[in-house]
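Trainee: Quick one: structure below, then a few questions.
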Amino acid sequence: MKKNPFDAYIKALRAISIKEEFTLFKNAWESSSKIIILGNGGSNAVASHISQDYVKFHKKKSLVFSDPSMLTCFINDFGMEKAYQKFLEFHADKDTLVILISSGGESENIINCSKFCEDKNIKYGILTGFNSKNKLRTISKKAIWDYHINSYDYGIVECVHQIFLHGVV
């Protein structure tokens, strides 16, 4: 008999305690008039999906960086490592909450966003997975929350991040 393909997801969900980190996220989310959610690849898809729900169900101003023409413009003009930071420079202000998602926590463009938020005193939180000592977690000293999934499986990390972000919907 084949192993249940959902056992790893169930194990990851049972191993986490979201009470403290989720409460920090929820309080920041509730007190912010604008949300910007940034991630690469599958995390960008999670960001796009949850942003739509925040607008639809809560009428929150919510932005993601997923427009192909703007992405390629910013990557071409500013480089991949600075493209997301430039997006923040144009759209983030003192009332913005920035949500940074990086499954592995090693994406330079997301790490640069963390540094930018800290330098500009913009509220932000992080969601990561894989190695618990990843670079994003290590350098993010002012993150409101630091939600880490102890898994090296992209599917598990991305799905649990989405569940976490859906908690306010």
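The values are calculated or read from the model by the stated rules, or taken from the named source; none is laboratory data. Remember, it's a predicted structure, so these values are computed and weren't measured experimentally. Don't worry about glycine lacking a Cβ; one is built from the backbone with ideal geometry, like all the others, and counts go over all protein chains shown.
Trainee: Go through the range 1-30 and report how many residues are under 19 Å from Leu88 (Cα atoms) and among the small types (Gly, Ala, Ser).
Mentor: Count: 1.
Trainee: Taking the criterion of being in contact with a Leu (Cβ under 8 Å, 6 or more places away or on another chain), free of Cβ contacts under 8 Å to residues at least 24 places away in the same chain, assigned to a helix (DSSP H, G or I) and within 23 Å of Val168 (Cα to Cα), would at least one residue in the range 109-116 satisfy it?
Mentor: no
Trainee: Scan the range 4-19 for residues that are in a helix (DSSP H, G or I), out of contact with any helix residue (DSSP H, G or I) (no Cβ under 6 Å at 6 or more places or on another chain) and either charged (D, E, K, R) or under 19 Å from Leu165 (Cβ atoms) (or both) and jot them down.
Mentor: Those that are in a helix (DSSP H, G or I), out of contact with any helix residue (DSSP H, G or I) (no Cβ under 6 Å at 6 or more places or on another chain) and either charged (D, E, K, R) or under 19 Å from Leu165 (Cβ atoms) (or both): Asp7, Lys11, Leu13, Arg14, Ala15, Lys19.
Trainee: Could you give every pair whose Cβ atoms fall below 9 Å, whose first residue belongs to the range 4-15 and is without any contact (Cβ under 8 Å) to a residue 60 or more places away in the chain, and whose second residue is part of a loop (DSSP other than H, G, I, E, B), counting only separations of at least 6 or pairs across chains?
Mentor: Sorted first by the residue in the range 4-15, then by its partner, the pairs are Ile10/Asn4; Lys11/Ser151.
Trainee: Out of the residues in the range 15-60 meeting the condition of being among the aromatic types (Phe, Trp, Tyr) and surrounded by 14 or more Cβ atoms within 10 Å (Cβ to Cβ), tell me which one is modelled with the lowest pLDDT.
Mentor: Looking at the filtered set, the residue picked out is Phe22.
To keep it simple, each residue is scored yes or no on (1) over 24 Å from Leu24 (Cα atoms); (2) touching a helix residue (DSSP H, G or I) at 6+ places or on another chain (Cβ under 8 Å); (3) surrounded by fewer than 20 Cβ atoms within 10 Å (Cβ to Cβ); (4) at pLDDT 95 or above.
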residue: Ser69; (1), (2), (3), (4): yes, no, yes, yes
residue: Cys73; (1), (2), (3), (4): yes, no, yes, yes
residue: Phe78; (1), (2), (3), (4): yes, yes, yes, yes
residue: Ala92; (1), (2), (3), (4): no, yes, no, yes
residue: Ile99; (1), (2), (3), (4): no, yes, no, yes
residue: Ser103; (1), (2), (3), (4): no, yes, no, yes
residue: Lys115; (1), (2), (3), (4): no, yes, yes, yes
residue: Gly125; (1), (2), (3), (4): no, yes, no, yes
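Trainee: Can you go through Ser33, Ser43 and tell me which one is closer than 17 Å to Asp146 by Cα, touching a residue at least 60 places away in the same chain (Cβ under 8 Å), among the hydroxyl-bearing types (Ser, Thr, Tyr) and touching a strand residue (DSSP E or B) at 6+ places or on another chain (Cβ under 9 Å)?
Mentor: Ser43
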